[in-house]
Structure formats: C-alpha cells, structure tokens
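Working notes, structure below.
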Amino acid sequence: MSQAVFIDRDGTLSHEVGYVNHLSRFRLFSFAVEAVRLVNKSGLLAVVVTNQAGIARGYFPSRLLDEVHDALRAAMEEGGARLDGIYCCPHHPTEGEPPFRADCDCRKPKAGLLRRAEAELGIDLARSWVIGDRRPDLELAWAVGARAALVKTGYGLGELTYNAPSWPRAPDLVAEHLLEAVQRIVAERGVAG
Ligand SMILES: [Mg+2]
Ligand SMILES: [Zn+2]
C-alpha cells in the first residue's frame, strides 16, 4: 500500500484564474515541478484531484481538459517529475445537462476521487495527505482519515485569514505554497518513518 500526496490543481499547482477555458490560461506555479519531483523522490505517489464543473456548466468541452492535462504532464516530464494520476470531477449537482449535471460522489469534498485512486493505485489513505487552497480540499482529506495541508496560494490566504478561525478543525499543516508543504510532509515522514 502506497502513501500518496493528493494535490489540488487550481490555486495549488497552478495559478487560480477562474475557469481555465483555454489552454493559454493554464499557468503552473514556478515551484510546481520541483514539488512533484520531491514527492516522486520520496517514494510517495503524486496524484492530482480537481473539480472542473466548467464542463457541466458548458464553459468548455472535456477535450480541453484532456489538452490541459496533457500539457501538465508534459511540463512535469520536461522537469524530471511525474504525476501518478490525475482525477477529475466534471459534474455539477444543478447546472447544465446530464450526464455532467449529476449529484455525483466525486465532487470535492466528497471522497469519490480519492476512493477511485485508492482502488486503482493501491493507496493507503490513512497515511496520505491532501494539499489544497480551499476548505473543501481539507474536508476531503478528513472524510477519508487522511491529513490536510492548506497552502496560502490561490484562495488559501483568504481562507486562512477570514474563515479558518471559525472552522471546527484546523488544517494539519499550513504552508506558504505547495513546495513548502511537500518539504514539510517529507521531512516529517523521514522522522516518523
Ligand atoms: Mg484550488
Ligand atoms: Zn463528480
């Protein structure tokens, strides 16, 4: 059973720009490749988990999502990094038309994407982490007994400043950005085994 670092996409791995409705709007953070490379080097799986309701809303076709994720994989490969999986929820409970208008089990904070990765990649969720910039990313982690890291990029700083003080549970880790979060997760793991 593998340990994994699940990584939110928009605001965590790439700049939060609203809907990425064209490839030209997708911009990785400068530290993204190094962060994933560090996850790879540490023997953990690096798995992207992302809600993309823009598909259900009809803002862009699912082939654009494939294009964006092909570009993401290519950028990683170019920098010597590798994503072990990219799991995406294209649904919305009330917007658009079926099949994408659906009360699915995979829209974060629901755990469907993690459950799929658990089964397909052999992941031990209880020893894994989710890193993201919004509360649903944290709730996703806690729903499956994983730990949750909040980054200050994307919506993170606002979440931390205005909302986090009233959350029933504090993030297990708060980091400036994805690379710092990964560095600290890996360092802790080195001590704890
Ligand atoms: Mg995000
Ligand atoms: Zn879904």
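Where a number appears in this text, it was derived from the coordinates with a stated rule and is not lab data. Remember, predicted model here, so these are calculated numbers, not experimental data. Backbone-built Cβ (ideal geometry, glycine too); neighbour counts: all protein chains shown.
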| remark: Going from the fewest other Cβ atoms within 10 Å to the most, one would list 7, 55, 123 as 55, 123, 7
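Starting from the Cα coordinates of region 1-73, work out the convex hull volume and express it per residue in Å³.
91 Å³
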| Value of [θ]222 nm, deg cm²/dmol, for the chain, DSSP H segments ≥ 4, -39500 (n - 2.57) each, nearest 500 | -10000 deg cm²/dmol
| task | Report, by chain and number, residues whose modeled amide H sits under 5 Å from the one on residue 131, excluding near sequence neighbours (fewer than 5 apart, same chain). | result | 6, 7, 8, 149
| message | Against the empirical 2.2 N^0.38 Å scaling, what ratio does the C-alpha Rg of region 1-126 come to? | response | 1.05
| request: In whole Hz, with x marking every Gly and Pro, tabulate ³J(HN,Hα) for region 72-86 from phi via Karplus 6.51 cos²θ - 1.76 cosθ + 1.60, θ = phi - 60°. | output: 4, 4, 5, 5, 5, 4, 4, x, x, 10, 9, 8, 7, x, 10
| task | Along Cα→Cβ, 7 Å out, is where each label goes; now give me the distance between the ones at residue 184 and residue 121 in nm to one decimal. | result | 2.2 nm
| note | Long-range amide H partners of residue 45, meaning residues 5 or more apart or on another chain whose placed amide H is closer than 5 Å, are 3, 4, 5
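Would you please classify the overall shape of region 42-93 from the alpha carbon gyration tensor, given that a ≥ b ≥ c denote the square roots of the eigenvalues, rounded means a/c under 1.5, and beyond that prolate means a/b larger than b/c while oblate covers the rest?
The shape class here is oblate.
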| query | Using +1 on the beta carbon of Lys and Arg, -1 on that of Asp and Glu, and nothing else charged, what's the dipole of the chain about the Cα centre, debye to 20? | reply | 180 debye
| note | Length gained, residue 57-residue 75, 0.36 nm per residue minus C-alpha separation, equals 3.7 nm
| said: Can you give me the distance in nm between label points at residue 94 and residue 25, each placed 7 Å from the Cα along the Cα-to-Cβ direction? | reply: 2.2 nm
| task | Percent of Cα-Cα pairs per 5 Å bin, from 0 to the last occupied bin, for region 68-193, please list those. | result | 2, 10, 16, 18, 22, 19, 9, 3, 1, 0
| task | Over the alpha-carbon set of region 75-130, work out the extent along each principal axis and list the three values in angstrom, largest first. | result | 39, 30, 17
| remark: Quick note on 2, 62, 30, ordering by fewest other C-beta atoms within 10 Å, gives 30, 62, 2
| said: Give me 6, 26 sorted ascending by neighbouring Cβ count inside 10 Å, so fewest comes first. | reply: 26, 6
| request: Using the charge dipole of the chain (Lys, Arg: +1 at Cβ; Asp, Glu: -1 at Cβ; taken about the Cα centre), state which of 125, 21, 96 has its Cα farthest towards the positive end. | output: 125
